[in-house]
């Protein structure tokens with residue numbers, strides 16, 4: 001999960017803050033896709049943000065037909081600008097909530113990609129709701145591919161800095177994720193409970209956020225300082241920057257290599273396949289459970 005797409009002005013500096021990390025994950029989501037994308041495929045870039053998945057699909061499949069959806073109009077404006085700039089006549093966009101893809105009927109898409117859109121602030125049940133909608137709009141034989149964070153690493157630099165500047169206050173973190181939501185088993189459970197049953201798979205994915213220099217990386221991350229330093233005075237923010245720079249440099253996955261500064265991160269990529277027998281699978285599970293209970 002990246003910072004909320006709906007956060008004021010976040011869309012305008014999305015790529016600087018993420019530092020390429022979500023693009024790298026999008027590329028890995030496509031690297032082992034099954035079934036493969038073919039001429040008859042119809043792809044949903046769900047919670048598309050600025051269109052990272054759409055971009056990666058187009059690099060591999062220039063003629064692919066894609067629908068890009070997001071709840072944030074500012075994100076879709078960026079997608080639309082890219083559509084016009086690249087001449088993607090077979091890419092459309094729509095404003096939709098990932099939990100309610102109401103514009104699409106059952107079995108619309110061959111592939112549904114949701115890149116860090118499973119968590120919705122304020123909705124603890126969003127994961128299974130999103131996965132259920134992915135299943136509903138999939139064609140039989142189609143696949144849903146969903147990514148979530150396992151370890152973002154960099155928020156601790158903000159929290160440690162906040163403790164240094166305001167030692168008597170608990171650090172702010174408006175984008176905190178419950179530890180259990182960062183486990184691969186949690187992602188698998190969302191897919192299973194949504195109706196995919198045993199037709200699921202979860203694998204780890206390594207990525208990183210980067211910039212040409214440490215100072216630029218720090219500047220990019222500080223674009224979301226309001227999520228951690230809301231209400232801080234100008235004097236406090238001025239003191240915070242050098243502290244934050246050192247905290248970033250001391251992060252366990254920070255490195256400077258190949259002409260850039262980067263923070264290593266880890267994500268999960270989950271895949272669920274729609275076989276067309278999901279209802280039967282759930283009935284069999286219930287019946288089997290009932291028979292086991294009776295024997296006990």
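Being farther than 14 Å from residue 171 by Cα and surrounded by fewer than 19 Cβ atoms within 10 Å (Cβ to Cβ) is the filter here; which residues of region 221-235 pass it?
Listed by number, the residues that qualify are 223, 233, 234, 235.
Kindly indicate whether any position in region 61-70 is more than 23 Å from residue 142 (Cβ to Cβ) and in contact (Cβ under 8 Å) with a residue 12 or more places away in the chain. Can you show your working first?
Narrowing region 61-70 to residues more than 23 Å from residue 142 (Cβ to Cβ): none.
Checked against the condition, which is being more than 23 Å from residue 142 (Cβ to Cβ) and in contact (Cβ under 8 Å) with a residue 12 or more places away in the chain, region 61-70 yields no hits at all.
Residue-by-condition table, conditions (1) out of contact with any helix residue (DSSP H, G or I) (no Cβ under 6 Å at 6 or more places or on another chain); (2) loosely packed, with under 15 Cβ neighbours inside 10 Å; (3) within 22 Å of residue 207 (Cβ to Cβ):
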residue: 110; (1), (2), (3): yes, no, no
residue: 113; (1), (2), (3): no, no, yes
residue: 117; (1), (2), (3): yes, no, yes
residue: 132; (1), (2), (3): no, no, no
residue: 137; (1), (2), (3): yes, no, no
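Just for region 213-257: of the residues that are more than 24 Å from the chain's Cα centre (by Cα), under 30 Å from residue 31 (Cβ atoms) and not in a helix (DSSP H, G or I), which one is modelled with the lowest pLDDT?
Out of the qualifying residues, it is 257.
If you go through region 183-203, how many residues are crowded, with 20+ Cβ neighbours inside 10 Å and more than 19 Å from the chain's Cα centre (by Cα)?
Total meeting the criteria: 2.
Residues checked against (1) at pLDDT below 95; (2) touching a strand residue (DSSP E or B) at 6+ places or on another chain (Cβ under 7 Å); (3) not in a loop (DSSP other than H, G, I, E, B):
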site	(1), (2), (3)
94	no, yes, yes
105	no, no, no
132	no, no, yes
135	no, yes, yes
140	no, no, yes
148	no, yes, yes
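If you take the residues in region 169-182 that are touching a helix residue (DSSP H, G or I) at 6+ places or on another chain (Cβ under 8 Å) and not in a loop (DSSP other than H, G, I, E, B), which one is surrounded by the fewest Cβ atoms within 10 Å (Cβ to Cβ)?
Per the criteria, the residue is 180.
The values are calculated or read from the model by the stated rules, or taken from the named source; none is laboratory data. Computed from a prediction, not measured in an experiment: that's the story for all the values here. In this analysis, Cβ positions are derived from the backbone assuming ideal geometry, glycine residues included, and neighbour counts consider all displayed protein chains.
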